Amino acid sequence: MSGPAVIGLHSAFLDNWNECGPWQWEPIRQRPPVHEDGLLVQCVRASSTIGWTESAAMLRSLVAVSQVRLRIVTAYFAPDDVLIEQIISALERGVSVELLVPGRHNDSRLSQLAGQPSIERLLDAGAKVWVFLPTMLHAKVITVDGRLACVGSVNVNHRSMGKDEECCALMLSEAVTATLDGQFDDDCQRSQRLDADEFRRRGRWTQFMEQGARMLLEQL
């Protein structure tokens, strides 16, 4: 990334870096030139705090503004009920919601279990959900209506929305969004789409473990 948007990334880095020692920084003394053919970019950074962070506001805003299609790629999917209800509301107003999450290759089975009841609710509401098969999925990408894209460190889980240090770039660009949507389509070719009826019939032991995992939802 280059241009004025770098200032947002620079400040996010300093905010996090200086929590580890004495405050120090090298100020940017000259504003980077604006690109004549550049994109509209907003850097959203969030720090751990009491209550919801800028990450939560951003995720909820992206869902709220969607009108045609909402696509989410996340390494950890363990949202709260408020966000799930918001996504279901988007489905009810005609938005196509597509979700790509890790499959059997993941580094947090507990988080995966905690999110599966939410996946069931979304499937029942009409969302399309794929699980990535070849290896671990660790991307965090959201695209909205073919025009708006979000790339960064935010996952769709409690930790990203309230506890973790995060940074994302929001880009208003049909070209960038088209590239990311194309990558989403390619990844879906290597993924398994979940069937609502089949997913609902997962074993009782699995559902028991899910309920146990959801007791730790705010830590996942």
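The values are calculated or read from the model by the stated rules, or taken from the named source; none is laboratory data. Because the structure is a prediction, the values reported are computed rather than measured. Ideal geometry is used to build each Cβ from the backbone, glycine not excepted, and the neighbour counts take in all protein chains shown. Heavy atoms of the whole protein, side chains included, go into the accessibility calculation; ligands, DNA and RNA do not. Shrake-Rupley method; radii C 1.70, N 1.55, O 1.52, S 1.80 Å.
Points to keep in mind about this one:
- Estimated 222 nm signal from helices in the chain, with DSSP H stretches of n ≥ 4 weighted -39500 (n - 2.57), rounded to 500: -12500 deg cm²/dmol
- Among ILE142, ILE84, ILE119, residue whose mean-square fluctuation peaks in a GNM of the chain (springs only between Cα atoms under 10 Å): ILE84
- Dipole magnitude for the stretch 99-220: about 500 debye, using +1 per Lys or Arg Cβ and -1 per Asp or Glu Cβ, origin at the Cα centre.
- In the context of the full set of protein chains, the chain has a per residue accessible area of 54 Å² (1.4 Å probe).
- The stretch 116-220: GluC sites (Glu not before Pro) in DSSP loop, at most 16 other beta carbons within 10 Å: GLU165
- Projected label points at GLU36 and HIS10, each 7 Å from Cα along the beta carbon direction, are separated by 2.4 nanometres.
- Spin-label zone in the stretch 162-186 - amide nitrogen under 15 Å from a point set 7 Å from the Cα of ALA139 along the C-beta vector: 176-186
- Distance from the stretch 4-22 to the stretch 115-164 (C-alpha centre basis), Å: 26
- Ranking SER160, SER2, SER96 from most to least accessible surface, computed with a 1.4 Å probe over the protein chains only, gives SER2, SER96, SER160.
- Förster radius 41 Å - calculated FRET efficiency between CYS20 and THR179, Cβ distance, rounded to 0.05: 0.75
- Which labelled figure in (1) 22.0, 64; (2) 18.3, 61; (3) 17.8, 55 is Rg and Dmax of the Cα atoms in Å, once derived from the coordinates: (2)
- Taking Cα atoms only, the orientation of helix 109-125 departs from the longest principal axis of the chain by about 70 degrees.
- Expressed as a whole percent, the accessible surface of the chain that belongs to carbon and sulfur atoms is 53, based on a 1.4 Å probe.
- With a simple spin-label model that places each label point 7 Å from the Cα along the Cα-to-Cβ direction, the separation between ASP186 and MET1 comes to 2.2 nm.
- Among beta bridges that DSSP assigns inside the chain, antiparallel share in %, nearest 5: 65
- Using alpha-carbon coordinates, inclination of helix 174-188 to the longest axis of the chain, degrees: 30
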